[in-house]
1. So how far apart, in nm, are the two label points at B:ALA79 and A:GLU25 if each is 7 Å from Cα heading toward Cβ?
2. Can you tell me the relative contact order of chain A? Whole percent, Cα pairs under 8 Å, sequence separation 6 or more.
3. If a cysteine in chain B has no other Cys Cβ under 4.7 Å from its own Cβ, put it on the list, ordered by number.
4. Just checking the output field for A:482-491: average partner chain Cβ neighbours within 10 Å of each residue's Cβ?
5. Treating only the Cβ of Lys, Arg, Asp and Glu as charged (+1, +1, -1, -1), what charge dipole size does region A:46-155 show about its Cα centre? Round to the nearest 20 debye.
6. What accessible surface, in Å², does a 1.4 Å probe find on B:CYS297, ignoring ligands, DNA and RNA and rounding to the nearest 10?
7. Scan region B:20-88 for trypsin sites (Lys or Arg not before Pro) in coil per DSSP, keeping those whose Cβ has at most 16 other Cβ atoms within 10 Å, and list them by number.
8. In region B:325-369, what residues drop by 30 Å² or more in accessible surface going from the chain by itself to the full protein assembly, probe 1.4 Å?
Amino acid sequence: MRVPLSWLREYVDLPGDVTGRDVAEKLIRAGLEVETVEESDLTGPLVVGKVLTYENEPQKNGKTIRWCSLDIGKDEPQWVVCGAHNFEVGDLVVVVLPGAVLPGGFAISARKTYGHVSNGMICSSAELGLGDDGMHGIVVLEPGEGTPGDDAIELLSLRDDVLDIAVTPDRGYCLSIRGVAREAATAYGVELKDPADLTLNGSGANGYPVRVDDAEACSVFVTRTVTGIDAKALSPRWMQKRLLASGMRPISIGVDVANYVMLELGQPIHTYDQARLSGEIVVRRANAGEKLMTLDDQTRELDAEDLLITDDSGPIGVAGVMGGASTEISDATTDVVIEAAHFDPIVIARASRRHKLSSEASRRFEREVDPNLPRYAAQRVADLLAEYAGGTILPDETVVDTHPKPAPVTLRADHAARVAGAVITLDETVRHLTSVGCTVEAAAADAVAAPLAAGVHAPALAEVGATTVGSTHVEGADLLTVTPPSWRPDLRDPNDFAEEAIRLFGFDNVPSVLPAAPGGQGLTVSQRRRRRVATALVGAGLTEVVSYPFTGDADFDAMGVPADDVRRTTVKLVNPISDEEPSMQTTLLATLLRTAERNVGRGANDLAIFQTGLVFLPKAETKPAPLPSVAQRPSDAEIQSLYDALPDQPLHVGVVLTGALTPTGWWGKGRPAGWADAVQIARLIASVVGVEPVVKNVELAPWHPGRCAEFSVEGTVVGHAGELHPKVCQAFGLPARSSAVELDLDALIAAGPESITAHPFSSYPVAKEDVALIVPAEVAAADVQAALAEGAGELLESVRLFDVYTGEQIGEGKKSLAFALRFRAPDRTLKENEVADARQAAVQVTVDRFGAVQRVG
Amino acid sequence: MSGPNTDYDPVEVTPLHAEEVERTRDEALTAFSGAADLAALQEAKTVHLGDKSPIVLANREIGALPPQARKEAGQRIGAARKAINDGFASRLAVLEAEHEERMLDTERVDVTLPWHTPQLGARHPLSLISEQVADVFTALGWDVAEGPEVEAEWLNFDALNFQPDHPARQMQDTFFVEPAGSGKVLRTHTSPVQARSMLTRKPPIYVICPGRVFRTDELDATHTPVFYQVEGLVVDEGITLAHLKGTLDHFVVSMFGEGLEARLRPNFFPFTEPSAEVDLKCFVCRGASVGNPDRPCRTCGSEGWIEWGGCGVVNPRVLQANGIDTDRYSGFAFGMGLERTLMFRNGVEDMRDMVEGDVRFSRQFGMEI
Ligand SMILES: [Zn+2]
């Protein structure tokens, strides 16, 4: 809502020296979101001039300029060059003189142009900062609007600050100058001159016939009729200027007056050409198949829920959203039917959304308009048409009004103080509530049988006697009965009134008190371990990145994920940012590889990045989530079904390594990051959370089929690590032999220990034994190691693989694995034969299980 | 070590003269101090302290002396021997020190050279700041609450008093989950975690909820469809707006420094009533830039205050929908965008830097913000 300060001043007696910024500051403190204050940078001299003479002078560039002499109230005429032609001798125009600065910082000086010295220029509406008035030329004042030499800045209120206010949904009344003026009047503690305080001269009957079929959706419908207007009359300049300053273009007197009254009072107005109406106006819901061509020349299919304005010809408007083209007023219109109505906010909001049509009218109706306004607004439109378009107002008037009167609400007199935690006296509370327009009456506590109402749904006073509410009645607590004003339908609950009282009391005057929470337990085990994983990865040289969780077929294709892979079954969005990425990621790598691609594209060849994030795994059976009532807590079953309807969303960690892990340098040759680094990072993550995973070779996209490690814990797969498939590297533009990890961090952490129990360790000497085993090449080292550990028994302290050898000496299809075993007993020094027996037992398991042969020498 | 020489004929032994002993001592000391290196010192040791050295020989003769002469000779020779041993030890210490110094000197390196083990990586600053926020509140005894990102529409909106056709619900630019009408959305704020907290915990509830949220904005310098928020919720007996202010003031000081404070401006949110915007006193100029063109402040645009987030007293309708007894309990809630916080707190100028995953962005922070 754009609010010119000059317009505001008409209804609020603001101190003369306050600026737009001052007013903005006050309104902000009162809870209006003033987004910007446009301050005019215009400085004079800017004067009214009368055209004395002009000469048309055609130029070589095809233009014709006018060389004009102007009376600007001095002895000598002022000579200027003008490019516009929409004026005649004797017209009053606005002349900017050398030394002035026009809006936008355009400094004016005498300058040579088209062979003359132009001492200033004649101004257009846009040049004066009034916006494009559609005149395609300079501003021509009405005869008598001023005299030559008058200060045009003052005359036209050119130096006006404009406040731009973002109106929150609860403050629909502030979508009008009237509403903002009310706030400004309260903020400055001055009287409001209510522009709706008009004399009604309608008879209340015999107006244009109207029938409302849906009183729920349309509770008020008022019409007035003005006959014999000159539709071609120009709107007065002050009105045009205010429309322009408010961001609307003047169009014609009929349209302008309707818009002006909407801005002034907040009541959307529709005008009909009476000659184009046929029969009774009926307000009803649409029938299937009905269509309407709206004012924007679009034919719209109507929905059965749409509330329509119709006549005998069918639909002539979507109520509260946009009128139809067939009954629109035009230059030929003489008799105008004015509609001012009240529509249900939800009906309008839905229609506006359905037709993707947000109009000035619908924005206001959605936020609910003062239901008392229609008669006054229709009167105001009629008055303005009579005055500026020469019409005659008929006393006949249609008034349909079934709108309920605002219900009084009873609340504890100290409720505002209790919500604020501040000392707000009863007098203050009453004063503040009164100033927002409420009617406040004190109600003696003992006059009311039932207690009330720090909470919800304070019942109307009339109901109180019959209703038992809660049990927190405070003996002798004073009560207030508050009736909200017609323009504040948002004031329903005790807290709504508390807010009004507290904001006017001043949020700044509320004390600051840190509440004492009961003792907490710090981070959860999972939260702690996630942090440690991140810290460990950073210690290992990885950099954390974030990326969007959106993915699509292109990512799965690039990753080589097969068509029937479960990862392609995704949670999809109805309205994704990009149609190519309609899915929520089922694997972190889909998006992490894109991030790697972007970094490599920006020249980072050696990359070690990680990310943690949720993946979204649809359940086998997808059910819609219910929408239980908000009148009380949903049942446990309802809550469970809310949770059950959602996809599984475990937290994953992903890693991508590209290029060199160690660069080549003065120490020697560098080392590329490879599959083993990826697997090691996965092991690192597992060990940070205290889990010892089982690792085995598997084939899985996007990894290299021979270089992918599967990690599992207690038989459950928790992720994979290894080198990426060459095609995947290529598809994502990554260096060859890039590698990646993805682990289900939630599952890993869940498998970790609750806490660690310390074990004593032996101070007896260690016995070291090395063993080299020749096994078939396809046997996994981890399995051999596990077999050794199993066979070695309790005396084994550790086993570590330290060499892998393949070559002629051991034969085709075989490999030699060398392990270092350490034995130790808790209570004695081991004897040689004990160690030898344990070693032999360890080897025997590998012999039995894999046909291992000890390599000697 | 030499034992008594049994072959020795004590009768032939001439008692040692004092001058002789002193000369032997002085010769030894001169030889040691003249030794230029450890090898020369070792040689001199053999000569002056070895088995055949005069002092050792003289020592052996003591036994052959008449008893009345033994004591004096023993003392004299013992003293000389000690002097020679000390002389050797001190010279040895000097030469060894010199040797070590020379050796260490030759091992001098350029410690500014780089090494090949991986450099420290970096956390993303959004993670760091959400952890810092969590730490501020866990220190107050609050819990860190979390929830899913694909969320039930009821928890994201209805439970928070966003009615189906209310403009506030439309303002949120929601991503809806297929099929249309599934009742599922990408959460538009972290507030459903508050609803979950109320549904699953019993008051008193003190929770802080950092998390990723989604709105259908196009990415530009100040907007992103995926961003991070942190919200706090308290539900307890007697909770007031004053408690909200106290908490926010504490939060501001924890994140931006001593002496700063929060300011509330009335606003509208369906979740809270009364509702307010939270401004924080500019931590750079502390208000000194206001109306002072000589000292403009980029951080607050010379406004003295920085818009930070939204807050309010929890609307009793929200408590009711989540099963909290409104006669007994009241609450407050607040929420901020973490990207925005980083933008003004750490001078990040472009939202895109935070979401594109360029490692250079994270690396400039390392492990700290
Ligand atoms: Zn500042």
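1. About 9.8 nm separates the two model spin labels.
2. Details: 1772 pairs, mean separation 66.3, N = 857.
Relative contact order, chain A: 8 percent.
3. B:CYS209, B:CYS311
4. Details: counts 0, 0, 0, 0, 0, 0, 0, 0, 2, 0.
If you average over the peptide's residues, the count of other-chain Cβ atoms is 0.
5. Details: 7 positive and 15 negative charges, 133 e Å.
So the magnitude is around 640 debye.
6. Result for B:CYS297: roughly 10 Å² accessible.
7. Details: sites: B:ARG23, B:ARG25, B:LYS45, B:LYS52, B:ARG60, B:ARG70, B:LYS71, B:ARG76, B:ARG81, B:LYS82; in loops: B:LYS52.
Listed in order of number, the matching sites are B:LYS52.
8. B:THR326, B:ASP327, B:VAL355, B:GLU356, B:GLY357, B:ASP358, B:VAL359, B:ARG363, B:MET367
The values are calculated or read from the model by the stated rules, or taken from the named source; none is laboratory data. Model, not experiment: these values are computed from the prediction. Using ideal geometry, Cβ is built from the backbone for each residue, glycine included, and neighbour counts are taken over all protein chains shown. The area values use the complete protein model at the heavy-atom level, side chains included, leaving out ligands, DNA and RNA. Shrake-Rupley method; radii C 1.70, N 1.55, O 1.52, S 1.80 Å.
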